[in-house]
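Enquirer: Can you read through this structure? Questions will come right after.
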Amino acid sequence: MSPEQAEPPYAADEVTMLRAWLDHQRSTFRRKTRGLTRDQMTTTHPPSTSTLAGLVHHLTYVEDWWFSVVLHGRESRSPFDAVDWDATPDWELDTAVDHEPEHLHGFFDDVVAASDADLDQALTGGGLDTRAARTRRGEAPTLRWVLLHLIEEYARHNGHADLIREAVDGSTGT
């Protein structure tokens, strides 16, 4: 395990544990998607049409959606705020191929930093039992639920990224 990939603690309070696992998944994702050319970032692994660029853009959107929009009730940040999601439900996946890897990773890092600030604000305001400003299926999820959902989302997409990265350049592992 690399130094920037610290293993989450075996024993800690709930907030520390959840944040450590989210950070672990984020750093795993960063490692699986960094250091590649635009062509490599936009390579598919058939029969899937997914790309590493698309996954970076998707998880950027997911971070913004859950921490800013759902949790705090804000509008989506640009460019997500201008998308007709009903007409183009995979917009973030499809349009990622139009961007350089540096742009995608910079945007991702900026949104993750904003998400961490949103998380800090929610924890200060009411802890893990803080209810989201927006509902999901008629109920407002707790911050605890949002964190667990994001850990699950990253873990799933890290598996996708691992398969695509191996197909692109043979790189494997955590």
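Enquirer: Residue 112 versus (1) more than 20 Å from residue 33 (Cβ to Cβ); (2) modelled with pLDDT of 95 or more: which is the lone unmet condition?
Expert: (1)
Enquirer: Does region 114-129 hold any residues that are hydroxyl-bearing (Ser, Thr, Tyr) and closer than 16 Å to residue 23 by Cβ, and which are they?
Expert: Hit for region 114-129 is 115, nothing else.
Enquirer: Does at least one position in region 131-144 carry a residue that is under 17 Å from the mean Cα position of the chain (by Cα) and either β-branched (Val, Ile, Thr) or surrounded by fewer than 17 Cβ atoms within 10 Å (Cβ to Cβ) (or both)?
Expert: Yes, some residue in region 131-144 is under 17 Å from the mean Cα position of the chain (by Cα) and either β-branched (Val, Ile, Thr) or surrounded by fewer than 17 Cβ atoms within 10 Å (Cβ to Cβ) (or both).
Enquirer: Oh, and also: Output yes when any residue across region 57-73 is charged (D, E, K, R) and within 20 Å of residue 156 (Cβ to Cβ), and no when none is. Give the derivation first.
Expert: So the first thing to find is which residues in region 57-73 are charged (D, E, K, R), and the list is 63-64.
The next check asks that each one be within 20 Å of residue 156 (Cβ to Cβ); those that pass are 63-64.
Yes, region 57-73 contains a residue that is charged (D, E, K, R) and within 20 Å of residue 156 (Cβ to Cβ).
Enquirer: Let me ask something additional. Going by the structure shown, is residue 27 exposed (fewer than 12 other Cβ atoms within 10 Å of the Cβ) and within 30 Å of residue 121 (Cα to Cα)? First the steps, then the outcome.
Expert: Details: exposed (fewer than 12 other Cβ atoms within 10 Å of the Cβ): no; within 30 Å of residue 121 (Cα to Cα): yes.
Criteria not met by residue 27.
Enquirer: Another one. What helices (runs of 4 or more DSSP H) completely inside region 79-174 contain at least 1 residues that are within 16 Å of residue 27 (Cα to Cα) and touching a helix residue (DSSP H, G or I) at 6+ places or on another chain (Cβ under 8 Å)? Full working, then the answer.
Expert: Details: elements: 91-95, 101-126, 143-169.
The helices (runs of 4 or more DSSP H) meeting that bar are 101-126, 143-169.
Enquirer: Is it true that residue 164 is closer than 18 Å to residue 108 by Cα and in contact (Cβ under 8 Å) with a residue 24 or more places away in the chain? First the steps, then the outcome.
Expert: Values: closer than 18 Å to residue 108 by Cα: no; in contact (Cβ under 8 Å) with a residue 24 or more places away in the chain: yes.
For residue 164, the condition - closer than 18 Å to residue 108 by Cα and in contact (Cβ under 8 Å) with a residue 24 or more places away in the chain - is not met.
Enquirer: Could you identify the single residue in 30, 38 that is of a type in the set (Lys, Arg), within 20 Å of residue 98 (Cα to Cα), modelled with pLDDT of 95 or more and in contact with a His (Cβ under 8 Å, 6 or more places away or on another chain)? Walk me through it before giving the result.
Expert: On the way: 38 fails: in contact with a His (Cβ under 8 Å, 6 or more places away or on another chain).
Unique residue meeting the criteria: 30.
Enquirer: Follow-up. Restricting to region 45-70, name every residue that is over 18 Å from residue 29 (Cβ atoms) and more than 15 Å from the chain's Cα centre (by Cα).
Expert: Of everything in region 45-70, those that are over 18 Å from residue 29 (Cβ atoms) and more than 15 Å from the chain's Cα centre (by Cα) turn out to be 46, 47, 49.
Enquirer: Cβ-Cβ under 6 Å, sequence separation 6+ or interchain: first residue in region 106-126 and more than 15 Å from residue 77 (Cα to Cα), partner among the hydroxyl-bearing types (Ser, Thr, Tyr) and surrounded by 12 or more Cβ atoms within 10 Å (Cβ to Cβ). Which pairs?
Expert: 122/130
Enquirer: Just name the residue that is farthest from residue 36 (Cα to Cα) out of those in region 77-96 that are touching a residue at least 40 places away in the same chain (Cβ under 8 Å) and surrounded by 15 or more Cβ atoms within 10 Å (Cβ to Cβ).
Expert: Our first condition is that a residue be touching a residue at least 40 places away in the same chain (Cβ under 8 Å); within region 77-96, this holds for 93-94, 96.
Restricting the remaining residues to those that are surrounded by 15 or more Cβ atoms within 10 Å (Cβ to Cβ) gives 93, 96.
Numbers: 93: 17, 96: 14 Å.
The extreme case among them is 93.
The values are calculated or read from the model by the stated rules, or taken from the named source; none is laboratory data. Bear in mind that the values here come from a model prediction, so they are computed numbers and not experimental data. No Cβ is skipped: glycine too gets one built from the backbone with ideal geometry, and neighbour counts run over all protein chains shown.
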